[in-house]
Structures are given as C-alpha cells and as structure tokens.
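The structure appears right after this line, and notes come after that.
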Amino acid sequence: MAKTSVMLVDDHPLFRQGLRRVSEAQDDIEVIMEVADGAEALRMAKQLAPHVVLMDINLPSMNGLQVTRE
C-alpha cells in the first residue's frame, strides 16, 4: 500500500512534533517535511509535491492563506 506524504507547516515546534507523532502512528502516512515559515513552506511544497499539507494560518513571512493561494 502506498503511503500518503504529508508536509507539516507550523511555527510552533512542539505542535509540529505532536502532529508528527499522531500522523506517523498511522501505517499509511509518511511525514516528509516539517516547516516553520510560510515562504519556506511554498518552496518545499513545490519541490517535494506532498499529497497533503497541514498548514497553520499564522506563519512568519507569508501566512498560511497566502501560501495556499500560491
């Protein structure tokens, strides 16, 4: 079975860590990247093309809504 690739985007490290633990407890999910900044999230999403992006709305540089629009 193919795994769903997930990128986590949040500027709070403890929250990202919790999301990673919950996500990776599932056999069919693979967290491929954690990002703390909106601009970096956009760059990495284009580069890695994850299946799913879990993104905070309030981020440094670009907010989550701006990143999603791009």
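With respect to being modelled with pLDDT under 95, surrounded by 18 or more Cβ atoms within 10 Å (Cβ to Cβ) and not in a helix (DSSP H, G or I), LEU59 fits the description.
The residue of region 3-42 that is nearest to MET62 (Cα to Cα), among those that are part of a helix (DSSP H, G or I) and open to solvent by less than 20 Å² (accessible area, probe 1.4 Å), is GLY38. Could you check region 43-56 and list, in sequence order, the residues that are more than 24 Å from MET1 (Cα to Cα) and surrounded by fewer than 16 Cβ atoms within 10 Å (Cβ to Cβ)? Answer for region 43-56, where residues must be more than 24 Å from MET1 (Cα to Cα) and surrounded by fewer than 16 Cβ atoms within 10 Å (Cβ to Cβ): ARG43, LYS46.
The values are calculated or read from the model by the stated rules, or taken from the named source; none is laboratory data. Bear in mind that the values here come from a model prediction, so they are computed numbers and not experimental data. Using ideal geometry, Cβ is built from the backbone for each residue, glycine included, and neighbour counts are taken over all protein chains shown. Heavy atoms of the whole protein, side chains included, go into the accessibility calculation; ligands, DNA and RNA do not. Shrake-Rupley method; radii C 1.70, N 1.55, O 1.52, S 1.80 Å.
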